[in-house]
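Student: Mind having a look at this structure? Questions to follow.
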Amino acid sequence: MVSEMRARGAFQSVDLYDGSTTCDWIVSGTLDHLEEVDEGADVWIEVGLSARLKSTRTGEVLWQGTSTKRVKADKRSVPGVVARMSREMGSAVEALVTSMLDRLSQPVPAQSNFQQ
């Protein structure tokens, strides 16, 4: 997630939070689902991620989202399944960052404490 956010260049800085530095916003998330599902001759990869962007000053959640993917594995081998899981995790992260940036590009409601 950090790499994708850095690559998009939409933030002044993006770093892993170590608990000792000061920051304005925290992105946190969870891996909700990561599974190989065998259905007959087919192997499916299921990925689910959730994340949110929260102000450290006010506790306000500015954005939250989920991304789920279900795709057929190209190869039934362990390396093939692992490679496809990795690609789909990357795709899910890209979708979350896109959703976050879309939200940040929208006007902020008057009652919000977020300052662009």
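The values are calculated or read from the model by the stated rules, or taken from the named source; none is laboratory data. All of these numbers come straight from a predicted model, not from anything done at the bench. Positions of Cβ are backbone-derived with ideal geometry, glycine not excepted, and every protein chain shown enters the neighbour counts.
Student: Filter segment 28-49 down to residues that are free of Cβ contacts under 8 Å to residues at least 40 places away in the same chain and either in a strand (DSSP E or B) or of a type in the set (Val, Ile, Thr) (or both), then give me how many there are.
Tutor: Taking segment 28-49 and keeping what is free of Cβ contacts under 8 Å to residues at least 40 places away in the same chain, we get 28, 30-33, 35, 37-44, 46.
Checking the rest, the ones that are also either in a strand (DSSP E or B) or of a type in the set (Val, Ile, Thr) (or both) come to 28, 30-33, 35, 37-39, 42-44, 46.
Total meeting the criteria: 13.
Student: Continuing with the same structure: In segment 52-68, is there at least one residue being on the phi < 0 side of the Ramachandran plot, touching a Leu at 6+ places or on another chain (Cβ under 7 Å) and outside any strand (DSSP E or B)?
Tutor: no
Student: Right, another one. Could you grab me the full set of residues in segment 5-19 that are of a type outside the set (A, V, I, L, M, F, W, C), assigned to a helix (DSSP H, G or I) and either touching a His at 6+ places or on another chain (Cβ under 8 Å) or without any contact (Cβ under 8 Å) to a residue 24 or more places away in the chain (or both)? Spell out the reasoning first.
Tutor: Initially, segment 5-19 is screened for residues of a type outside the set (A, V, I, L, M, F, W, C), giving 6, 8-9, 12-13, 15, 17-19.
In the following step, the residues that additionally are assigned to a helix (DSSP H, G or I) were identified as 6, 8.
Listed by number, the list holds a single entry, ARG6.
Student: Considering only residues that are loosely packed, with under 14 Cβ neighbours inside 10 Å and under 22 Å from MET100 (Cα atoms), which ones fall in segment 34-59? I'd like the intermediate steps shown before the answer.
Tutor: Of the residues in segment 34-59, the ones loosely packed, with under 14 Cβ neighbours inside 10 Å are 35, 37-42, 56-59.
Those that are loosely packed, with under 14 Cβ neighbours inside 10 Å and under 22 Å from MET100 (Cα atoms): THR56, ARG57, THR58, GLY59.
Student: Limited to segment 34-67, what total is found for residues that are modelled with pLDDT of 95 or more and polar (S, T, N, Q)?
Tutor: Selection size over segment 34-67: 4.
Student: Somewhere in segment 10-33, is a residue at pLDDT below 95, within 19 Å of VAL78 (Cβ to Cβ) and out of contact with any strand residue (DSSP E or B) (no Cβ under 7 Å at 6 or more places or on another chain)?
Tutor: No; the residues of segment 10-33 include none that is at pLDDT below 95, within 19 Å of VAL78 (Cβ to Cβ) and out of contact with any strand residue (DSSP E or B) (no Cβ under 7 Å at 6 or more places or on another chain).
Student: Considering ARG70, ARG103, ARG84, which residue is without any contact (Cβ under 8 Å) to a residue 40 or more places away in the chain, surrounded by 14 or more Cβ atoms within 10 Å (Cβ to Cβ) and of a type in the set (D, E, K, R)?
Tutor: Testing whether each residue is without any contact (Cβ under 8 Å) to a residue 40 or more places away in the chain, surrounded by 14 or more Cβ atoms within 10 Å (Cβ to Cβ) and of a type in the set (D, E, K, R) leaves just ARG84.
Student: Right, here's the next one. Pull up segment 8-33, narrow it to residues that are of a type in the set (Gly, Ala, Ser) and under 17 Å from LEU96 (Cβ atoms), then point me to the one that is nearest to the chain's Cα centre (by Cα).
Tutor: At the first step, the residues of segment 8-33 found to be of a type in the set (Gly, Ala, Ser) are 9-10, 13, 19-20, 28-29.
From what is left, the residues that are under 17 Å from LEU96 (Cβ atoms) are 9-10, 28-29.
Values: GLY9: 16, ALA10: 15, SER28: 9, GLY29: 7 Å.
Ranking the candidates gives GLY29 first.
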